[in-house]
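Q: Here you go, one structure.
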Amino acid sequence: MIISMRPHATREEIDRVCERIREFGYKVHSIAGEERVVIGAVGMGDVTACLESLEATPGVETAMRISAPYKFVSKEFKKERTRIRVGGVEIGGDEFVVMAGPCSVENEKQILQTAEGVAAAGAKVLRGGAFKPRTSPYDFQGLALEGLKLLAKARQATGLAIVTEIMSEGDVETVAEYADIMQVGARNMQNFALLKALGKCRRPILLKRGMSSTIKELLMSAEYITAHGNPNIMLCERGIRTFETATRNTCDITAVAVLNELTHLPVILDPSHATGKQSLVPALARAAVAIGADGLIVEVHPCPEKAVSDGAQSLRLERFHSMMQELEPYIKLWEESRVTAAAASA
Ligand code: PEP
Ligand code: MN
């Protein structure tokens with residue numbers, strides 16, 4: 001259920017409504033909307049009786065049921081887009097945000113050179129894995145803590161915010177100490193213990209869609225994180241598994257538009273893992289801007305042929321730079337359409 005309070009509802013009225021919600025066996029989750037307080041309630045109870053009672057409670061403007069199984073992340077719950085501030089940038093707002101960097105942090109020279117290169121080209125967030133989910137246990141598993149420290153060094157040198165993957169519940173505190181955004185990889189999208197732990201974490205989350213997961217399952221995973229206390233989540237389409245073999249995964253580009261209809265959370269597209277081929281990355285990046293994604297996460301490496309992971313899909317720094325220039329006119333249109341959409345919904 002969502003309960004919208006009248007614009008000038010008093011603290012006592014809000015407290016009274018929360019009390020009524022609990023009396024009916026629901027849990028309260030309250031957010032301060034821009035103009036009025038909106039209260040979310042979840043759980044099992046007599047919904048009809050509860051709604052009737054709440055509508056008769058002083059200070060309440062409307063009380064309604066949310067039909068989607070994902071409550072807090074749904075557009076029904078919150079119409080305004082969620083804006084997430086990290087470092088000096090806002091994701092989900094008026095700026096198209098590009099995150100870029102290597103698949104894995106390999107050494108100091110590699111990460112600093114990449115960070116400087118992507119920052120000069122206009123990226124605002126540096127990506128780089130320190131904990132790597134690899135299909136084979138014999139492949140490079142990441143530099144772990146040393147990798148996190150190198151990312152922090154790159155942030156210091158460039159001012160870029162850091163996004164890096166978290167694979168295990170036990171590493172949340174350590175990764176949160178270094179990262180500005182915690183990435184949940186495709187393979188961990190339904191690691192519910194991890195999602196719950198991230199709900200208690202204060203850092204924004206980049207939640208990647210599992211390679212065999214539906215859009216609804218992605219939203220339910222986001223719901224786990226927000227239900228446990230952290231509403232700052234970005235969703236990421238990174239391609240799904242299909243019968244097609246021409247690309248590493250099949251990019252479900254429509255998912256971006258579907259998510260924009262269903263949720264208020266920002267949506268990021270990963271054209272690198274979606275295609276597996278660097279030559280296809282710029283075309284898909286353009287499509288992401290056109291369809292209304294909030295940003296991109298792109299793999300970039302100073303020397304892709306020597307990369308320890310995902311070299312084939314990594315752009316050279318020069319190609320990343322030229323791609324960013326090619327995206328400029330598309331991003332201009334994107335910015336105009338955001339202003340038009342904001343004016344229409346005002
Ligand atoms: C990655 O970002 O390097 C990664 C492993 O991505 P995904 O979880 O989408 O495969
Ligand atoms: Mn990768």
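Q: Report, to the nearest 10°, how far helix 215-227 tilts away from the longest principal axis of the Cα atoms in the chain, using its own Cα long axis and a range of 0 to 90°.
A: Helix 215-227 and the main axis of the chain meet at about 70 degrees.
Q: Please report the relative contact order for segment 2-64, taking Cα pairs under 8 Å with a sequence separation of at least 6, and give it as a percent rounded to a whole number.
A: Once divided by the residue count of segment 2-64, the mean separation gives 46 percent.
Q: Okay, next question. To make sure I understand, if each residue's beta carbon is the centre and we count other beta carbons within 10 Å, what order do 109, 71, 149 fall in, fewest to most?
A: The fewest-first ordering by Cβ neighbours comes to 109, 149, 71.
Q: Using the 10 angstrom Cβ neighbour count as an exposure proxy, how do 44, 167 rank, fewest first?
A: 44, 167
Q: Among the lysines, which have Cα under 22 Å from the Cα of residue 124 when same-chain residues fewer than 8 positions away are ignored?
A: Cα-Cα hits under 22 Å: 109, 149, 153, 208, 332.
Q: State to the nearest 20 debye the size of the charge dipole of segment 255-333 about its Cα centre, where the only charges are +1 on K and R beta carbons and -1 on D and E beta carbons.
A: 160
Q: Now, a different point. Quick check on packing: order 223-236, 279-292 by the mean number of other C-beta atoms within 10 Å, highest mean leading.
A: Descending packing order for the listed peptides: 223-236, 279-292.
Q: Compute a Gaussian network model of the chain, connecting alpha carbons closer than 10 Å, and tell me which residue from 276, 87, 210 fluctuates the most.
A: 87
Q: Which aspartates and glutamates have a Cα lying under 12 Å from the Cα of residue 132, excluding residues fewer than 8 positions away in the same chain?
A: Leaving aside aspartates and glutamates fewer than 8 places away in the same chain, those within reach of residue 132 are 106, 165, 310.
Q: Also, quick follow-up: Let me check I've understood the local charge: for residue 337, count other residues with C-beta under 14 angstrom from its C-beta, Lys and Arg +1, Asp and Glu -1. What total comes out?
A: So the surrounding residues net to -2.
Q: About its Cα centre, how strong a charge dipole does the chain have in debye, to the nearest 20, once Lys and Arg get +1 and Asp and Glu get -1 at the Cβ?
A: Dipole size: approximately 400 debye.
Q: Considering only DSSP states other than H, G, I, E and B, which chymotrypsin sites (Phe, Trp or Tyr not before Pro) in segment 128-190 qualify as loop sites with at most 13 other Cβ atoms within 10 Å?
A: Filter output for segment 128-190: 138.
Q: Specify which residue in the list 317, 88, 234 is farthest towards the positive end of the charge dipole of the chain, using unit charges on the beta carbon of Lys, Arg (+1) and Asp, Glu (-1), about the Cα centre.
A: Projecting each Cα onto the dipole axis, the largest value belongs to 317.
Q: Assign one of three labels to the chain, namely rounded, prolate or oblate, based on the Cα gyration tensor with a ≥ b ≥ c the square roots of its eigenvalues; rounded applies when a/c is under 1.5, prolate when it is not and a/b is larger than b/c, and oblate otherwise.
A: Note, shape of the chain comes out prolate.
Q: Step through the residues of segment 322-336 one at a time and calculate ³J(HN,Hα) from phi using the Karplus curve (6.51 cos²θ - 1.76 cosθ + 1.60, θ = phi - 60°), rounding each to whole Hz and writing x for Gly and Pro.
A: In residue order, the calculated couplings are 5, 4, 4, 5, 5, 6, 3, x, 5, 5, 4, 5, 4, 5, 5 Hz.
Q: If I take every Cα pair under 8 Å that is 6 or more residues apart in segment 1-140, average their sequence separation and divide by the length, what percent do I get for the relative contact order?
A: Here the relative contact order equals 19 percent.
Q: In whole percent, what relative contact order does the chain give with Cα contacts below 8 Å and a gap of six or more residues?
A: 15
Q: Same structure again: Among 333, 148, rank each residue by its count of other Cβ atoms within 10 Å, from fewest to most, as a rough exposure measure.
A: Ordered by Cβ neighbours within 10 Å, fewest first: 333, 148.
Values in this text are rule-based calculations from the coordinates and carry no lab data. Since we're looking at a predicted model, the values are computed, not measured. Every residue, glycine among them, receives a Cβ derived from its backbone with ideal geometry; neighbour counts consider all protein chains shown.
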